[in-house]
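J.: Before anything else, here's the structure in question.
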Amino acid sequence: MKPYYQDEDVVIYHADCRDVLPTLEPVDLVVTSPPYNNWRNRRTQARKSQYWARTNVVYGEYHDKMEDDEYAAWQVEILDALHDILKGSGTVCYNHKDRIYNFRVLSPLEWILKSKLVYRQRVTWDRRGMQSFNNVRFYRCEEDIYILGKGTGQFKWNTDSAKYMSIWQFPPNRRTGEHPAPFPLEIPRRCIKSFTGAGDLVLDPFMGSGTTLRAAKDLGRKVIGIEIEERYCEIAAKRMAQTVMEMGL
């Protein structure tokens, strides 16, 4: 498959990641955040149009609207494909969050534990507030980063990263006009510093506007990004063409 963009450190593919993953060489680290399939929340907020307009995520051509079983099966398929191209010493950092519908929590663990990957740890990202305030339960201000691997008992780890501990506190990316749900640069930055060394290969199969790619390139890693929405590929390619490290890295 021909790359959408390529330089000496970065390769971007405009495609469904399921078509690209089987063609890739083994990777050292995956850092990614898939669409959350959060459309059901609209039903519980049917009379709150302002709430829905504020919290709804629109990705473009991808509508992020599946039945729960279909979405879970899709995520298992992706996680299994990541397992198959992950080095034995590699790690997957998978950013997701609980969904609540009809007062029942649907946890990503329901499909993570059905995949080939081994669940090693969970890091909580404290967003320091949320826009989707809902006064029917405790105010939720967190997401999770699931640390997954192949279960070999050996994985790359920078012991200095233990200082981050298991709760990471920083606000979400407030940048507008690029992607509706970007995560902050500090998430991939910490993951890359923790689980890779210079020259290692990083992958983001749900690349979005290229935050993982920017962090990897600035830290001296090789990186592959895959994105199904072409306009995000264009944004990411422009970010990769920049040579100056972004503020805060």
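Any read-out appearing in this document is the output of simple, stated calculations on the displayed coordinates, not a laboratory observation. None of these values were measured; they are calculated from a predicted model. Backbone-built Cβ (ideal geometry, glycine too); neighbour counts: all protein chains shown.
J.: Starting from the Cα-Cα distance between residue 118 and residue 198, subtract it from 0.36 nm times their residue separation and give me the gain in nm to one decimal.
T.: Here the answer is 26.3 nm.
J.: Too long at a 22 Å Cα-Cα cut-off: which of 116/193; 193/217; 150/193?
T.: 116/193, as the Cα separations exceed 22 Å there.
J.: What are the aspartates and glutamates whose alpha-carbon lies under 13 Å from the alpha-carbon of residue 97, with same-chain residues fewer than 8 places away excluded?
T.: Once the sequence-local aspartates and glutamates are set aside, what remains near residue 97 is 110, 126, 142, 143, 144.
J.: Please list the non-local residues whose amide H lies under 5 Å from the amide H of residue 168, H modeled 1.01 Å from N, same-chain partners needing a gap of 5 or more.
T.: Excluding prolines and chain starts, which carry no amide H, the hits are 124, 125, 126.
J.: Give me the net charge of residue 114's neighbourhood, meaning all other residues with Cβ under 13 Å from the Cβ of residue 114; Lys, Arg count +1, Asp, Glu -1.
T.: Taking every Cβ under 13 Å from that of residue 114, the sum is -3.
J.: Let me ask another. Tell me, what ³J(HN,Hα) does each residue in region 21-27 have, in order and in whole Hz, if you take phi through Karplus 6.51 cos²θ - 1.76 cosθ + 1.60 with θ = phi - 60° and put x for Gly and Pro?
T.: Result, ordered by residue: 3, x, 8, 8, 6, x, 10 Hz.
J.: How many nm is it between the label spots at residue 6 and residue 69, if each spot is 7 Å from the Cα in line with the beta carbon?
T.: Result for the modelled spin labels: 4.2 nm.
J.: Sticking with this one: What are the ³J(HN,Hα) couplings of region 136-144, residue after residue, when phi is run through the Karplus curve with 6.51, -1.76, 1.60 and θ = phi - 60°? Round to Hz, x for glycine and proline.
T.: Running phi through 6.51 cos²θ - 1.76 cosθ + 1.60 with θ = phi - 60° gives 8, 7, 4, 4, 8, 9, 9, 10, 10 Hz.
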